[in-house]
Structures are given as structure tokens and as C-alpha cells.
Amino acid sequence: MLASKPLIIRVAIPSPLRRSFDYLVPDSFAESPPQRGCRVRVPFGKREVVGLVIESTDSSDFALEKLKPISAIIDRQPLLPESLFKLFIWAANYYQHPIGDALFSTLPVLLRSGSELPEIQIANWRATTLGKGLGPDSLKRSPRQRALMDDLLAESLIREDLLLETHSRAALKQLREKDLIELVMQKPEPVALNNLLREQPLKLHESQQKAMDAIEYHGFKSFLLDGVTGSGKTEIYLQGIEKVLRYGRQALILIPEISLTPQTEKRFRDRFNVPLVTLNSGLTDKARLDAWARAKSGEAQIILGTRSAIFTPLKDPGLIILDEEHDQSYKQQEGFRYSARDLAVIRAKQENIPIILGSATPSLESLNNCNQQRYQHLVLDTRAGKAVQPSWALVDLKAETLECGIGRSTLAAIRETISNKQQVLVFLNRRGFAPTLLCHQCGWVAECRSCDARLTVHRGRGRLICHHCNYQQRTVHQCPSCQGRELIAAGEGTERSEAWLQESFPDTPVLRVDRDSTRNKGAMQKVFDTANSGEPCILVGTQMLAKGHHFANITLVVVLDADSGLFSADFRSHERMGQLLVQVAGRSGRGSAAGKVIVQTHQPQHPLLQLLINEGYSQYAKLLLDQRQLTQLPPYNQMAIIRAESNNPNSAEMFLRAARNLAETISPPSPDLGYLGPLPALMEKRAGRFRYILQLSGQRRGDLQGLLSALCPQLERLPEARQVRWSIDVDPQEL
Ligand code: ADP
Ligand code: ZN
Ligand code: ZN
């Protein structure tokens, strides 16, 4: 008799190694072996770790007697649906990232460590018999409890999450302690179709209707919803979601990594009566697992999240929406360097459902995809309601008297807006008080020891801080070089603008919004409350303020310094500058009063600035696309960067030299495949490490992918690799 074949499983393990690991399934588990997508416990080195089964097989490249048996099976049902599993495999291949790390770095922490997937139960509340007998005059002295009781007496059962929208958890607890109400756990049931909506949809205006009619809900298709700020893109998202909810399917909505979640969430909750979960970086481990499990079970019908939410398992997806598709936060810049935007399109394809990418300033990649007929281009070119597009004015800084970076005429415009009882937004993409501290006598400049960068003066905290490695020291009042005492904080950051504006407008609230000012939780809420009150105020901030917010009474937006975006070595800098200016301008005049945008620059005649403000973003983007085509840069070719960094000045460069030699033996340079470098990174020294890049570009995605796949395992074995940290960045967003 033949010996039966061994049962071997290939397991993904959270490890930096670009391979999977084979294990034996011992006879004791042979009755019901683990399926693909299930977690198992396996010995790994001296430890036991949680791994995920990729496939079952009966042969291994390793000798059978060397294979270790698995120790336990955690899941009986696959943790990840097959379509999502395929997305991970696609992404690990495409981004040249170890599959184990790709899977585990995106799973909820509790699942990584082996916790059970919780069973989904819905918490509901109802009045007890005692509660039902409650007289109308009781609870008089506790109006909150009374209000909650009234709601519960009016209906037989109310879902806890709905109750908590209008009532406090404390009131629930108090009533429960009095035995007036009780908790009922239930298996989730889909919301009745006639009860999906809590408020009626808006009547679409003409171009919205046209866009809406163009969107198809059966099968895969990508739509670029290219709508000026305030044109009503969100209303289209809402009505698109309604469609798929009516088919009983789920909608996944991705938004950028910004402070917007609460307001966006509110708009969705206000419209729909269905279970909604949010996935963002602020969640506790338990809350994240819960949201993940609810999405997977199909109980949650709307899933709203930032970048990594693209990896949320869904039972029956019907639509993916990705708002502000041009936003850089969709690209993960370290570890597993994926683009959630690009993966969203791949996922939609694998799930065979539509995807809507929305933006007022679409990325050149997406515009090119429209030109290539890969996406359908839907344009909304007017603002919804009464609002009109703001008007632009350039202020020539060469001809202005400046104080703290603000020109006289700009200050006058701010004054006029305030006296008209309207609000002002002042934009400056530099936090801190001043970007430089220098000695008036000898010219010494405070620099970071570990980076090629200057220290930023933070006056409020009395510190000098490096914005690249977060090195901090107490501020100095004497020059360490000449002992002179005349130290000058040169240039402007938001902290300085805030101080100067407050001094100039002592009776008007001036609120700063940047990563420093919003570190404590209530700060952002205070800004929203003040801005939403409609009272005159001045908001000063970085790009945190530029995105997405809807404040109806802002009628003047001031861009303090447009010049930094005009001159940068990164080939995407003009694209980013245009997007940022248009987005920040889009905060102006969203209500009934007309808006204005003042842009301060030393280059008022710069052709790009002129094009942007006279012809608008789409013409601007067209020109940039033409330039990219001429210079053969993305999206007209494919790019990947190999980065390396080392503690000593030479190792990174030497590693990349060796990498280039290897690569050229695999694919010699040709008109279709080019190499550039090794070159020092734009900031060569950062956090004490020396950084180099090797740039690879190819006419065809397949060629570049083939090269990288062949190259990667060889790089791991290079002796030079031991001295450096290296990584591959496919479709890099930053040089
Ligand atoms: P966007 O997402 O494109 O920036 P929003 O969806 O936030 O635009 O819409 C801007 C404003 O216009 C919101 O206050 C919204 O309620 C309103 N709005 C959108 N569509 C309509 C419509 N069809 N009729 C009336 N008001 C609308
Ligand atoms: Zn530094
Ligand atoms: Zn000095």
C-alpha cells in the first residue's frame, strides 16, 4: 500500500522575508485541515507565531523531515474573503512587499495576536415592565433620563447606536440601574428597504443629474467625478450609496487621513438609517476589531475609513467611493508602500463593482486614465446652490511693505472682511514660529545635528525643533559660535502669523490649526464651533485647513507664500501646488456671499500661476500632462525607486551601485527601460542616516515588474545589503 501523501500548508508569517513558509498538518488535524485564509499557530524559530494559510499542497521545496507541524488552528472559516485575499497577493507582488507583512500589518492588532473573531450581535434597549408602568410625572428631576425613557416608551425596541446619537451613555446606565430599561442582544437583521433613509435626498441639479445617470452599478467600471469644490460631489456619493443599499449591498468609502472624519461621518449618518462603521487611526484595538468584524459579517452596510480601510473584508460589496482621490495620504510612505487609490481600483475590478474617484483637483494619473478611456470622466463645473466660484487676486510681494509675511494691502483686505462680519482663512504651510534662527553678528544658523535641515523656532514651547527627525532642544539666546546675543527668528510660521494677526485684530478671535495646535483633542472642535457660529474670526493654518471643510461664512482666503511650490526638485511639485491652491481657495465663498482669494507671491507673472488662476485647474493640469509626456515622466512611464540608507556615508551608495549592476545584468538599459542613480536623496542626511536612491523607469509596467521580481531576491542576498536599510517604492509619490 502506498503511504498517503503528506498534507502541507504554505503559511504567511509576519516577517520581513519575501517568502512563505511550509508546515506539515499533523494527522490529528487531518480530518478538517485549515483552509486558505484561516489563521494557524506555528513554531517559528524559538517562538510560536500566528500565520495565515495561503494554500494547501502535497509537496515542498524543503525536505519533508525538516518541516515542522502546525500547533493549532485558530479559524474554522477563512478570515479573509477570497477576493480580498487575491488583492493582498496582487499587492504583495506589485509592490514587491513580503506577503506576510502585507497581510499582518493591515489586520486589526487583536487578530494578529490570535484573538477570536467576535460574533456580531446588535445591542438594543427596551423598557421593562416596570418602565412601561412609569407614570408621566416620574423622573421629573432627571430630564435626560426622562427624555430617553420617552423615546423608549414610544417604540418597542431601539438600537443602541441610534440612541447614543441623542442620549448619553450615563442616562442609559442610570435607567438600567433603576430596572426601568433592559438590554436585548439580537442577531443583526438587514434594515427594511422602506426605512433606509432618515432624510430625503436633495434634488440634483442638472450636471449632478447627468453624472448620476452615467454611473452604472452592475459590473466593474471606474468613474472620475471631477467637480469643483462645493459642486455637490458628496450628494452624488450619497445617492450612489442609496442605490447599492437598495440592492442589499455594502458601500466602502475612503477619505483622506485628515481631521474630517466626524463631519463626513455625520453627513452619512444623517442620511442613512443603516449600520455604519468608521475605521481610522483613532480607534482602540477592540473598536477596530469590532468594526472590522461588522463589515465582514455584512451587518455594517456603510464602511467609512482612511487609507488602510481598503483592506476591510466585505460580505457583499456594491460600490467603492474614494474622495479627494488626489490626496497624498492615500499612499503609504513606509513599510508596505501601497497606494490605496490604485488598490481601490484593483479591488473594484476583482469584486466586479463600480468605483467613484472624486476630486476638485484630480491627479494627473487619473486624468490620464480618463484620456485613455480607462475611467469615465464626469464633470461638475458649477457650485451647487447659490454659491459661485471665488475670484483670485495676486499680490506682488516685491512691491509690498511686509510685516510678519503679510502685505499691507492683504491686511487691509482682512480688515474689510472682518468689518463685513465675515471670516478669513490665512494659509501658510509651515508650522512653528519661524523656520530659521540666525545670528545677526556672525551668520550662524541653528541646524539639526542629524539632518540636512534647519531647526524651527517654536516660541510657545520655547524650543527649537527639527521637523524631519523631531530632535528638540531648548531655544538659545546666545550665539554658540560668537556668543553674540542678537539672535533673529527669520521667516514665518503659523505661530508667528497667528501672533501678528491677533495683535492687529485684538477684538477678533484668531485660531490656529496645525499639528501643534490640534494636539489636544478639544482644539479642533473649538475651531469648528467658532467657524460654524458664523461670527467674524480669522483661521490661520497649514494644509490641515485646506481640505474638505465647509465653513459657510469664510469669504476671504489668503495664501501667504505661493513661491515654495514653484521651485522644487520634485517633478510632482507643480501638480501639488496647483491642487493645494485650488483646494484652499475652495474654502472661500461656500455660502451665499461671494468669495475672494489673495495669493502673495514674488512671481506674479509666473506663467503657471497665471494659467492656474485665469484658466483654472483643468487647463493647468492639461499643460502639466503635456510636460510630463515630453519629459517621459509618470503617468507616461512607470517608475520605481530603490531607496537605501546607512549610518556611514558610503554604504547606501555602494549598495545601490551593486543593485544597479545586478539590475543591468537582468535588463540592460534600453530606450524602454532606464536607470538613474544612485543619487543622494533630496535630503541626503536625515535622522543621522545617509540616504540614496536608484530610480528605475520603464515604458511598460510589465517590464519593470518583471525586473523588480527578479531583482528583489538577489538584493536580499547582496553582501552590501547588510550595511543598509533598503526598500522598494513602486509608483513613488515623493523622491
Ligand atoms: P463637494 O463635495 O463637491 O465639495 P458638497 O456635496 O459638500 O460639495 O456640496 C456643497 C454644498 O451644496 C452642500 O452644502 C450641499 O448640501 C449643497 N448641495 C449639494 N447638492 C445640492 C443640490 N442638488 N441642491 C441644493 N444644494 C446642494
Ligand atoms: Zn533632524
Ligand atoms: Zn554669532
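The values are calculated or read from the model by the stated rules, or taken from the named source; none is laboratory data. A quick note: this is a predicted structure, and the numbers were derived from the prediction, not measured. Please note: Cβ atoms are built from the backbone with ideal geometry, for glycine as well, and neighbour counts cover all protein chains shown. These area figures cover heavy atoms from the full protein model, side chains too; ligands, DNA and RNA do not enter into them. Shrake-Rupley method; radii C 1.70, N 1.55, O 1.52, S 1.80 Å.
In Å³ and rounded to a whole number, note down the convex hull volume per residue for the Cα atoms of the stretch 544-700. Let's see the in-between values first.
Working: hull volume 22.6 nm³, N = 157.
Enclosed volume per residue, from the Cα hull, is 144 Å³.
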Note down the relative contact order for the chain as a percent, whole number, built from C-alpha pairs under 8 angstrom at least six residues apart. 10 percent
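For the stretch 490-559, with every protein chain kept in place, what is the accessible area per residue (1.4 Å probe, Å²)?
Values: 2860 Å² over 70 residues.
That works out to 41 Å² for each residue.
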If the cut-off is a Cα-Cα distance under 27 Å, which lysines reach K140, setting aside same-chain residues fewer than 8 apart in sequence? K132, K173, K178
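Using Cα-Cα distances under 8 Å and only pairs 6 or more residues apart, what relative contact order does the stretch 435-490 have, in percent?
38 percent.
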Take the Cα atoms of the stretch 441-501, build their convex hull, and give its volume per residue in Å³. 94 Å³
Counting only other residues whose beta carbon sits under 11 Å from that of G248, what net charge do I get with K and R as +1, D and E as -1? +2
Probe 1.4 Å - accessible area at C469, Å² to nearest ten: 40 Å²
Can you report the principal axis dimensions of the stretch 194-380 using only the alpha carbons, biggest first, rounded to whole angstrom? 45, 43, 30
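Please report, as a whole percent, how much of the solvent-accessible surface of the stretch 419-477 comes from carbon and sulfur atoms (probe radius 1.4 Å).
On the way: 1240 of 2980 Å².
Answer for the stretch 419-477 is 42 percent, counting heavy atoms of protein chains only.
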Carbon and sulfur %, accessible surface of the stretch 333-373 computed with the full protein complex present, 1.4 Å: 36 percent
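Which of the pairs K331/K685; K86/K243; K46/K349; K187/K266; K349/K622; K243/K421 have their Cα atoms more than 30 Å apart in this structure? Don't skip to the answer; put the middle values down first.
Details: K331/K685 23 Å; K86/K243 27 Å; K46/K349 41 Å; K187/K266 26 Å; K349/K622 28 Å; K243/K421 42 Å.
Beyond 30 Å: K46/K349; K243/K421.
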From the Cα centre of the stretch 214-278 to that of the stretch 90-120, the distance in Å is 26 Å
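For the chain, what is the convex hull (Cα atoms) projected area averaged across all directions, in square nanometres?
40.1 nm²
What number results when the radius of gyration of the stretch 122-186, computed over Cα atoms, is divided by 2.2 N^0.38 Å? Kindly include the intermediate steps, with their values, before the conclusion.
Values: Rg = 10.6 Å, N = 65, 2.2 N^0.38 = 10.7 Å.
Output field value: 0.99.
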How large is ³J(HN,Hα) for each residue in the stretch 495-511, as worked out from phi by the Karplus curve 6.51 cos²θ - 1.76 cosθ + 1.60 (θ = phi - 60°), to whole Hz, x for Gly and Pro? 5, 5, 4, 4, 4, 5, 5, 5, 5, 6, 10, x, 9, 10, x, 10, 10
Which value results for Rg/Rh of the stretch 239-311 when Rg is the Cα radius of gyration and Rh the Kirkwood radius based on the inverse mean 1/r? 0.94
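Starting from the Kirkwood radius over alpha-carbon pairs of the stretch 638-730, derive D by Stokes-Einstein at 37 °C in a medium of 0.692 mPa s and give it in µm² s⁻¹.
Values: Rh = 13.1 Å.
It comes out at roughly 251 µm²/s.
Provide the per residue accessible area, probe 1.4 Å, for the stretch 122-186, rounded to a whole number of square angstrom.
Working: 4030 Å² over 65 residues.
Value returned for the stretch 122-186: 62 Å² of accessible area per residue.
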Loop-only check: which GluC sites (Glu not before Pro) in the stretch 24-71 are DSSP coil with at most 15 other Cβ within 10 angstrom? E31
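I want the local charge near L103. Using Cβ-Cβ distances under 11 Å, sum +1 for each Lys or Arg and -1 for each Asp or Glu among the other residues. Write down the numbers at each step before the final one.
On the way: positive: R39, R112; negative: D101.
Result for the local shell: +1.
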Ordering S59, S450, S646 by the accessible surface of their heavy atoms, 1.4 Å probe, largest first, yields S59, S450, S646
The stretch 676-735: proportion of alpha-carbon pairs further apart than 16 angstrom, %: 54 percent
With the 1.4 Å probe rolled over protein heavy atoms, the stretch 638-730 has an accessible area per residue in Å² of 46 Å²
Compactness of the stretch 275-361, expressed as Rg and Dmax over alpha-carbon positions, Å: 12.9, 36
Cβ charges +1 (Lys, Arg) and -1 (Asp, Glu), total dipole of the stretch 34-79, debye: 260 debye
Return the ratio Rg/(2.2 N^0.38 Å) for the stretch 79-120, where Rg is computed over Cα atoms only. 1.26
By the 4.7 Å beta carbon criterion, which cysteine residues of the chain come out unpaired? C38, C370, C404, C469, C537, C712
Counting only the heavy atoms of the protein chains, how much of D507 is accessible to a 1.4 Å probe, in Å² to the nearest 10? 150 Å²
Do me a favour and compute the ellipsoid semi-axes for the stretch 187-271 from its Cα gyration tensor, root of five times each eigenvalue, largest one first, whole Å. 21, 18, 14
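Starting from the exponent 0.38 and prefactor 2.2 Å, build the expected Rg for the stretch 8-112 from its residue count and divide its actual Cα Rg by it.
Taking N as the residue count of the stretch 8-112, the ratio is 1.01.
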Binning at 10 Å from 0, report for the stretch 633-677 what percent of all alpha-carbon pair distances ends up in each bin. 24, 47, 25, 4
Using a 1.4 Å probe, how large is the accessible area of I73, given in Å² and rounded to the nearest 10? 30 Å²
Note down the net charge around S359, summing +1 for each Lys or Arg and -1 for each Asp or Glu among other residues with Cβ under 9 Å from its Cβ. -4
